[in-house]
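What follows is one structure encoded as structure tokens, with my remarks underneath.
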Amino acid sequence: MSKRLLAAALIVSASFGPALAAKTSLVVGMPIEPPGLDPTIAAPVAIREVTWANLYEGLVRIDRNGKVQPLLAKRWDISPDGLTYTFHLQTGVKFHDGSAFDSADVKFAFDRARAPNSTNAQKQIFAPIDSIETPDPATVVIKLKETSGNFLYYLGWGDAVIIAPETAENNKANPVGTGPFKFKSWTRGDRVELVRNPDYWQPDKTKLETVTFRFINDPQAQVAALRAGDVDAFPNIGAPELFSELKKDPRFTAVAGNTEGEVVAGMNNAKKPFNDVRVRRALMHAVDRKALVEGAYSGYGQPIGSFFSPNHPAFVDMTGVIPYDQEKAKALLAEAGYGNGLSITIKTPQMAYASRSAELLAAMFAEVGIDMKIIPTEFPAKWIEEVFKNKDYDVTIVAHTEPLDIDIFARDNYYFNYKNDRFKALIADAGRTTSENARFAKYAEAQKILAEDVPALFLFQLPKLGVWNAKLSGLWENSPVPANDVTEVSWSD
Amino acid sequence: MRSRLRPNAALVIGGILTALLIGTALLSLVWTPEPPTRVRIAMRLKAPLDVGLLGTDHFGRDVASMLMAGAWNSLAIAWPAVLLGAAIGTAIGCAAAAWKGLADEIAMRVSDVVFAFPAVLSAIMIGALLGSGPLAAILAIAVFNIPVFARVTRGVALQVWTLDYIAAARALGKPPLRITLEDVIPNIAGALIVQVTIQLALAILTEAGLSYLGLGVRPPNPSWGRMLSDAQTYLSQAPHLAIAPGLAIALSVLGLNLLGDGLRDAIDPTLRSRSASA
């Protein structure tokens, strides 16, 4: 009898509980699981999508509009020559393990990231740094070797978050930062759970108590999870063909925004036949970008002709430089000595946009006499090993989701194996240029070089098809940096 | 009377469906309404009869043509896989029946171990070793078929070994290998043919499962399994994309199973009662 009463009481409290206060838990769905949880030692964006702004914080941050905002540095002074940055730090900030944050941590984090043996994925952020001084615990003085137009902006990225020397080594599996949420648990292959940080330095910043990131790769399963209420929000759903349907459903808010992700089919520029620019141009001529976006992403996503996000003010539309033209493609192939056909392979990761694009590319290439075989691979682990590290590939396809990452084509030993000294000098020059107009002009010229030289096939800009419970607010509609910043998310009842 | 009518019906229906499957597969080598891999984005997701007999998929490819080419791709994996498995399995089963004792024990226990792995699991393991693709699929399905044929062969071969004329041959000093080749195998051929038919149905199903998981036929070559997996996300918009390959798989498997049943009853009615009681 008493058991039954207890059960009845439990049911009553369970059903009335949520009505008393707004929900404070959030489940966010992501297609790919991060390989670790330290954004300062590895490239995959999934790491940033879990940790950036939630677990870790930098001196500055990028806001939802792509602008630089103060964070752990409450303000800064830049010397007139642009070579000395003095950051004034927030005081009273604590790491999740209880230790205090101060200028020594900033110096440690940046010195670690720029050390010769560092595996930081964006070392160009720290390359201009000459010295880091810490005159007192609340001040950091960074002297640069040369001016750096994007220095502050870069410091807002996940690669430049501040970590503590005591915990840095274990951050991959047990992350410790200064952010509004603390790491709770990680069930491999399934979810990462975060809980509210009660000692956060901006006490009323967040409304959520728990945040769970769930990893669901299959687009159909993503939609099913949303409909079943297992997942509250998919910041970027993998099923564009179902997006218009979800848009009509009053239970959800569905927003088509922009990402910084350029979908490119990278070619191994050091390998025959891709060392011949005529072959690369022929492949580009063979691609009908509009049809590709239609078939691979149900028409969402802007075609691109170079490697620059349309969201950036320096963007120039380069799709006309090497337009869809099968006759030109055939002529160029014949000129390069492949008039009788060419056999190549494409290593394709499992993401729907990638495998669909690869199938479409293979069909388009077949029409100009190129036989492209599709070899499935798995992102990130297998792809990173085979393509990114060992460069054992002909063609591959992946979206590059870091913002302002045109410089990857200027990097030595990057997976494209692309070498162009003029481009390299231009990118270095643009980076040093502090005048915005002059810098943007240089970026425009760099876009043109890539559009003409085609080190990779420039396909389209990945849209951000966000779908979440209509009662949720505060999620980002665009992603100017790869992130799922949930600090401002709340439930309406 | 009734017991003879049913197997005949099974034989006829199974035979027709199987002939249709093989005929379609062969026809696809020389003719399909459209090239099965031709992409026409402007005509994507069209309904049946709107464009082509069975409509178009998410790339505007002709579904009817893809089904036809898929039939060939399906058989091209299923046939060699079953024949390979049957050859090895029959050899093991015959050897076990001929020499008995320790050889028999070892062969059957190893069969039990292989049998314990589902075909999909062994395919994933073989795929990890060889890389995914048609060869891995053939090997995976073949491995799965070996213990099936080993057991069936051993069972019927042991019976044959008890027959009087074989005892006579042994008494005359005919070596076991010659007895197996000249006397046992001709006697068990019927049972093997029936088993091949039934295993073919299973192989087609497994191949579809493997392609569904991305382990079988490589894109862009059409495969029923991958057509199903591609159709998933379009289920609400274009259900014909899932129904067409689903029906093709179901009818092929049904046809081969009926054919196997019909053949079994036609070749050796005693097999029916034995397998029913087993």
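Using a/c under 1.5 as the rounded threshold, could you call segment A:59-132 rounded, prolate or oblate? The axes a ≥ b ≥ c are square roots of the C-alpha gyration tensor eigenvalues, and prolate needs a/b larger than b/c, oblate otherwise.
rounded
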Once you sort the root eigenvalues of the Cα gyration tensor of segment A:337-485 as a ≥ b ≥ c, which label holds: rounded (a/c under 1.5), prolate (a/b larger than b/c) or oblate (the other case)? oblate
State, to one decimal in nm, how far the label point of A:A331 lies from the label point of B:V113, with both points 7 Å from Cα in the Cβ direction. 6.5 nm
Using the Cβ atoms and a cut-off under 12 Å, what net charge is assigned to the surroundings of A:K182, where Lys and Arg are +1 and Asp and Glu are -1? -1
Using a Förster distance of 60 angstrom, determine the FRET efficiency expected from the C-beta separation of A:N390 and B:A19, and round it to 0.05. 0.75
Please report the Cα spread of segment B:1-81 along all three principal axes, rounded to whole Å, starting with the longest. 58, 30, 19
Compute the accessible area per residue over the protein assembly as shown, keeping the other protein chains in place, probe 1.4 Å, unit Å². 42 Å²
Applying the Karplus parametrisation 6.51 cos²θ - 1.76 cosθ + 1.60 with θ = phi - 60° to the phi angles of segment B:49-59, what ³J(HN,Hα) value in whole Hz is obtained for each residue in order, glycine and proline being reported as x? 6, 5, 10, x, 5, 10, x, 10, 9, 5, 9
Roughly how big is segment A:389-475's charge dipole about its Cα centre, with Cβ charges of +1 (Lys, Arg) and -1 (Asp, Glu), in debye to the nearest 20? 260 debye
On the accessible surface of segment A:273-344, probed at 1.4 Å, how many percent belong to carbon and sulfur atoms? 46 percent
Determine how large the accessible area of A:D230 is when every protein chain is in place; take a 1.4 Å probe and give Å² rounded to the nearest 10. 80 Å²
Any helix of chain B counts here only if DSSP assigns it H throughout, its Cα atoms span 24 Å or more along the axis, and its mean Kyte-Doolittle hydropathy is at least -1.0, and such helices are B:2-30, B:63-99, B:134-161, B:185-212, B:240-267
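Over its Cα atoms, what ratio of radius of gyration to 2.2 N^0.38 Å does segment A:159-237 give?
1.29
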Please give the helix A:326-335 orientation as an angle from the longest Cα principal axis of chain A, in degrees from 0 to 90, rounded to the nearest 10. 60 degrees
Among B:I249, A:P180, A:N275 - extreme Cα towards positive end, dipole of the protein assembly as shown, charges at beta-carbon: B:I249
Which value, in debye to the nearest 20, gives the size of the charge dipole of segment B:1-103 about its Cα centre, when Lys and Arg are +1 and Asp and Glu are -1 at the Cβ? 340 debye
Placing one equal point scatterer on each C-alpha of the protein assembly as shown and summing with Debye, one gets log10 I(q)/I(0) at q = 0.06, 0.11 Å⁻¹ equal to -0.50, -1.21
Using a 10 Å cut-off on Cβ to Cβ distances, tally the other chain neighbours for every residue of A:287-294 and report the average as a whole number. 2
Surrounding charge for A:L292, neighbours by C-beta under 11 angstrom, Lys/Arg +1, Asp/Glu -1, total 0
A 1.4 Å probe over the protein heavy atoms gives chain B a carbon and sulfur accessible-area percentage of 71 percent
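Stokes-Einstein diffusion coefficient for segment A:202-327 at 37 °C in a medium of 0.692 mPa s, Rh from the Kirkwood formula over Cα pairs: what value in µm²/s?
Rounded to a whole number, D works out at 182 µm²/s.
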Students often forget the sequence filter, so: which aspartates and glutamates lie under 13 Å Cα-Cα from A:K182 once same-chain residues fewer than 8 apart are removed? A:E57, A:D97, A:E193, A:D199, A:E209
In segment B:204-224, which residues give up 30 Å² or more of accessible area once the other protein chains are added, compared with their chain alone (1.4 Å probe)? B:R218, B:P219, B:P220
Let me spell out the model: positive unit charges on the Cβ of Lys and Arg, negative unit charges on the Cβ of Asp and Glu, origin at the Cα centre of chain A. What dipole size does that give, in debye rounded to 20? 560 debye
Roughly what angle does helix A:352-366 make with the longest principal axis of chain A, taking Cα atoms, 0 to 90 degrees, to the nearest 10? 10 degrees
Could you tell me the distance between the Cα centroids of segment A:450-493 and segment A:173-217, to the nearest Å? 20 Å
Using the 2.2 N^0.38 Å rule of thumb for compact globular proteins, work out how segment A:427-493 stacks up: its C-alpha Rg over that value, please. 1.71
Charge-dipole axis of segment B:1-139 as Lys and Arg at +1 and Asp and Glu at -1 on Cβ define it, positive-most pick from B:L84, B:L29, B:A96: B:L29
All aspartates and glutamates inside 12 Å of A:K205 as judged from Cα atoms, apart from same-chain residues fewer than 8 positions distant: A:E488
Can you sort B:I126, A:I408 by 1.4 Å-probe accessible area, starting with the largest? B:I126, A:I408
If you take the charge dipole of chain A about its Cα centre, with +1 on Lys and Arg Cβ and -1 on Asp and Glu Cβ, which of A:T401, A:T119, A:I375 is farthest toward its positive end? A:I375
Hey, what's the Kirkwood Rh for segment A:100-185 if you take every pair of different alpha carbons, in angstrom? 13.8 Å
23 Å Cα-Cα reach of A:K248 towards lysines, excluding residues that sit fewer than 8 places from it in its own chain: A:K464, A:K471, B:K46
Could you please report the charge total around A:P482, scoring K, R as +1 and D, E as -1 over all other residues with beta-carbon less than 12 angstrom from its beta-carbon? -4
Tell me, what is the FRET efficiency for A:T434 and A:N170 to the nearest 0.05, using R0 = 30 angstrom and their Cβ-Cβ distance as r? 0.20
Beta bridges per DSSP with both ends in chain A, % antiparallel, nearest 5: 75 percent
Accessible area buried between chains B and A, both sides summed, probe 1.4 Å, in Å² to nearest 100: 1600 Å²
Residues along segment A:335-360 losing 40 Å² or more of accessible surface when the other protein chains are present rather than the chain by itself (probe 1.4 Å): A:R356, A:E359, A:L360
How much of the calculated P(r) for segment B:84-157 lies past 20 Å, in percent of all Cα pairs? 32 percent
Using alpha-carbon coordinates, inclination of helix A:436-453 to the longest axis of chain A, degrees: 50 degrees
Pairs A:K424/A:K448; A:K107/A:K424; A:K74/A:K143; A:K290/A:K382; A:K143/A:K172; A:K271/A:K419: which are spaced more than 21 Å apart, C-alpha to C-alpha? A:K107/A:K424; A:K290/A:K382; A:K143/A:K172
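The values are calculated or read from the model by the stated rules, or taken from the named source; none is laboratory data. What you see is a predicted model; the values in this text were computed from it and never measured. For neighbour counting, all protein chains shown are included, and Cβ atoms are generated from backbone atoms with ideal geometry for every residue, glycine included. Quick note on the areas: whole protein, heavy atoms, side chains included, nothing else; ligands and nucleic acids left out. Shrake-Rupley method; radii C 1.70, N 1.55, O 1.52, S 1.80 Å.
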